[in-house]
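Trainee: Submitted below is the structure of interest, expressed as structure tokens.
Just so it is clear, none of the values below were taken in a lab; they were calculated from the coordinates. Computed from a prediction, not measured in an experiment: that's the story for all the values here. Cβ sites come from the backbone with ideal geometry, for glycine too, and all protein chains shown count toward neighbours.
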């Protein structure tokens, strides 16, 4: 599956209705974004069971601001509607593949328990 363009209107639904979502925040004028784009696209074709979303930060400035994007490219990963990865900077293909493998392997029950523990500690 190729990547899909996501807007402020479709971002929440995309995250909440798909098991794993990788989001590439990018802009056409950004050299590192242009270098990472083909890597992201190849990964989307290799992993059709994962949603690969792209947010054009120029067209979607409100969404980029709401997501706290300060530098591009920024890659976010969501699993089961939980943000589990957020990093600025382009990844090489092997790094992206390793990230995808680690996301797929996550024990989400442990992740949810850890979040609950953190929330209890701060309450």
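Trainee: Could you list all residues from the range 47-92 that are closer than 21 Å to residue 17 by Cα and part of a helix (DSSP H, G or I)?
Mentor: 63, 64, 66
Trainee: Taking into account only those residues within the range 47-58 that are surrounded by 14 or more Cβ atoms within 10 Å (Cβ to Cβ) and out of contact with any strand residue (DSSP E or B) (no Cβ under 6 Å at 6 or more places or on another chain), which is farthest from residue 100 (Cα to Cα)?
Mentor: Restricting attention to the range 47-58, the residues satisfying the condition of being surrounded by 14 or more Cβ atoms within 10 Å (Cβ to Cβ) are 47, 50-57.
Then drop every residue that is not out of contact with any strand residue (DSSP E or B) (no Cβ under 6 Å at 6 or more places or on another chain), which leaves 47, 56.
Working: 47: 9, 56: 22 Å.
Step by step, filter the range 47-58, then rank; the result is 56.
Trainee: Also, quick follow-up: Of all residues in the range 80-98, which are touching a residue at least 40 places away in the same chain (Cβ under 8 Å) and surrounded by fewer than 19 Cβ atoms within 10 Å (Cβ to Cβ)? Quick ask: steps written out before the conclusion?
Mentor: Of the range 80-98, the ones touching a residue at least 40 places away in the same chain (Cβ under 8 Å) are 80-81, 89-93, 96-97.
Scanning the range 80-98 gives 80, 81, 89, 91, 92, 93, 97.
Trainee: Could you list, in sequence order, the residues of the range 1-30 that are surrounded by fewer than 18 Cβ atoms within 10 Å (Cβ to Cβ) and in a strand (DSSP E or B)?
Mentor: The answer is 4, 5.
Trainee: All but one of (1) closer than 29 Å to residue 110 by Cα; (2) in contact (Cβ under 8 Å) with a residue 24 or more places away in the chain hold for residue 2, so report the exception by its number.
Mentor: The one condition residue 2 does not meet is (1).
Trainee: Right, something else. I need the full set of residues from the range 7-45 which are closer than 24 Å to residue 81 by Cβ, without any contact (Cβ under 8 Å) to a residue 40 or more places away in the chain and more than 13 Å from the chain's Cα centre (by Cα), in order please.
Mentor: Hits for the range 7-45 are 9, 10, 13, 17.
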